[in-house]
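One structure is given below, encoded as structure tokens.
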Amino acid sequence: MTLLPCVSANDRPRRRTILLVEDEPFVRAATCGILESAGFEVLPAEDAQDAMAVYHACKRGIDLVMTDMVLPGRTGLQLGQDLRQRSPEIVILVTSGYSNPEYETEAPELRTYFLAKPYSRRTLVEKIEKIFAAVALRRVATQAS
């Protein structure tokens with residue numbers, strides 16, 4: 001496991017940071033490339049244990065956790081629950097290539113979203129942008145209440 005530094009330059013706007021949890025090396029590398037080319041900072045992790053270590057090492061915040069549903073030892077939903085115990089507001093995007101209604105359920109009010117595999121670059125980036133827009137709108141609506 002390699003922990004990447006979570007450092008941003010003070011003189012430029014902070015890019016949104018995505019913790020990507022994917023146990024398949026090829027899929028992880030390809031998805032990192034897609035997300036980085038779209039302007040996101042990506043922190044890769046190969047399993048739930050690795051993801052928790054990366055999460056704790058990143059002191060400036062993670063904007064979204066994108067996790068495969070099926071991981072060694074834990075599911076993506078279990079990982080999301082573990083992270084929510086530490087950060088209740090964290091946004092989770094679960095991905096899966098398996099057709100299972102339990103996996104495909106979205107709960108925007110709980111900041112949990114789903115994306116089926118395989119996905120295209122366009123579909124992935126659009127999904128993440130829609131999630132960030134929905135979270136921002138919900139935050140504004142909550143503050144206005």
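Structure notes:
- Flag for Tyr103 being closer than 19 Å to Leu20 by Cβ, at pLDDT below 85 and surrounded by 16 or more Cβ atoms within 10 Å (Cβ to Cβ): yes
- Which listed residue, of Ala9, Ala29, is among the small types (Gly, Ala, Ser) and modelled with pLDDT of 95 or more: Ala29
Let's see how each residue does on (1) in contact with a Phe, Trp or Tyr (Cβ under 9 Å, 6 or more places away or on another chain); (2) modelled with pLDDT of 90 or more; (3) surrounded by 12 or more Cβ atoms within 10 Å (Cβ to Cβ):
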residue: Val70; (1), (2), (3): yes, yes, yes
residue: Leu77; (1), (2), (3): yes, no, yes
residue: Gly80; (1), (2), (3): no, yes, yes
residue: Thr95; (1), (2), (3): yes, yes, yes
residue: Leu110; (1), (2), (3): no, no, yes
residue: Leu115; (1), (2), (3): no, yes, yes
residue: Arg121; (1), (2), (3): no, yes, yes
residue: Val140; (1), (2), (3): no, no, no
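- Single residue of segment 34-60 satisfying the filter (loosely packed, with under 13 Cβ neighbours inside 10 Å and within 24 Å of Ala133 (Cβ to Cβ)) that is modelled with the lowest pLDDT: Arg60
The values are calculated or read from the model by the stated rules, or taken from the named source; none is laboratory data. The shown structure was predicted, so the numbers you read here are calculated from the model rather than taken from an experiment. Methodologically, a virtual Cβ is constructed for each residue, glycine included, from the backbone with ideal geometry; neighbour enumeration extends over all protein chains shown.
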